[in-house]
1. Going highest first, how would you order 167-179, 184-196 by mean Cβ packing within 10 Å?
2. For the range 1-110, which chymotrypsin sites (Phe, Trp or Tyr not before Pro) are both in a DSSP coil and crowded by at most 15 other Cβ atoms within 10 Å?
3. Rounded to two decimals, what is Rg over Rh for the chain when you use alpha-carbon atoms and the Kirkwood radius?
4. Within the accessible area of the chain, what % is carbon and sulfur when the probe is 1.4 Å and the other protein chains stay in place?
5. At 222 nm, what value in deg cm²/dmol follows for the chain if DSSP H runs of at least 4 each add -39500 (n - 2.57) and the sum is divided by all its residues, to the nearest 500?
6. Over the chain, with the other protein chains present, what is the accessible area per residue in square angstrom, probe 1.4 angstrom?
7. Most fluctuating residue of 129, 119, 165 in a GNM of the chain with Cα springs under 10 Å: which is it?
8. I want to verify a result. In a Gaussian network model of the chain, Cα cutoff 10 Å, which of these has the top mean-square fluctuation: 83, 114, 31?
Amino acid sequence: MFNSLNGIITGKFPQKLYIDTHGIEWDVTCPDSALEKLPDVGSEGRVFVWMQHTDNLMNLYGFASDRDRSLFFDLLKVDGIGPKGAVKIMNNISTDQMISILENGDLGLLEKVPGVGKKTAAKMLLQLKGKLSLESETSVTVKKTSSPFADVINALVDMGYDKAKAGEAVGKIADSLGADEKFAKSAQSQKEDLIFRRAIVELAN
């Protein structure tokens, strides 16, 4: 299976992209948000793709980045959302905006996204909140604070805790212990054990 197509972009239309690779012109279904990121017609570009192949049809879906495609795959995990529905949802919202909404559990804002609605929004939060395969690039503070203790966060998630809340708790505890000289001199395993135990107490409240 191919990962991406490199070639000359020959056409851009609503939810549709044509790209020529060495004489073969591909018809690719793309979210409008992805089309905006891709080069102009006549320019060389790269499109990350996924092929839907069934007994009755064969469709090629394209994305401006691997991150966008990862969000598409996450949306497909939600009951009732197929490839066309996922593209419709991604048409008017960026990947980082969608990730932020899902990780923050903002049901009201999610319901306003074109193509979602109340029932689908509830399903998306239930099935994706804290379980996304990627994080928002705008979550710099949380990622920067928690990165030395990623194993602690993963352990908490494995126990059933929400990933975003686990990251916030670990980051908060790590910051509070930053000025502790004894903590600073401890081995990494000891630091992780202490933060893990405190995070469980924090998340239980």
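1. On the way: 167-179: 18.2, 184-196: 14.1.
My ranking of the peptides, most packed first, is 167-179, 184-196.
2. Values: sites: 2, 18, 26, 48, 50, 61, 63, 72, 73; in loops: 2.
Filter output for the range 1-110: 2.
3. Numbers: Rg = 20.7 Å, Rh = 19.1 Å.
My calculation of the ratio gives 1.08.
4. Details: 5820 of 11420 Å².
On the chain, the fraction of accessible area on carbon and sulfur atoms equals 51 percent.
5. Values: 11 runs with 104 residues, N = 205.
Using -39500 (n - 2.57) per qualifying helix, the result is -14500 deg cm²/dmol.
6. On the way: 11420 Å² over 205 residues.
Value for the chain: 56 Å² per residue.
7. Highest fluctuation among the options: 119.
8. 114
The values are calculated or read from the model by the stated rules, or taken from the named source; none is laboratory data. Please read all numbers here as calculations on a predicted model, not as lab measurements. Using ideal geometry, Cβ is built from the backbone for each residue, glycine included, and neighbour counts are taken over all protein chains shown. The protein model used for the area step is the full one, side chains on, heavy atoms only, and it has no ligands, DNA or RNA in it. Shrake-Rupley method; radii C 1.70, N 1.55, O 1.52, S 1.80 Å.
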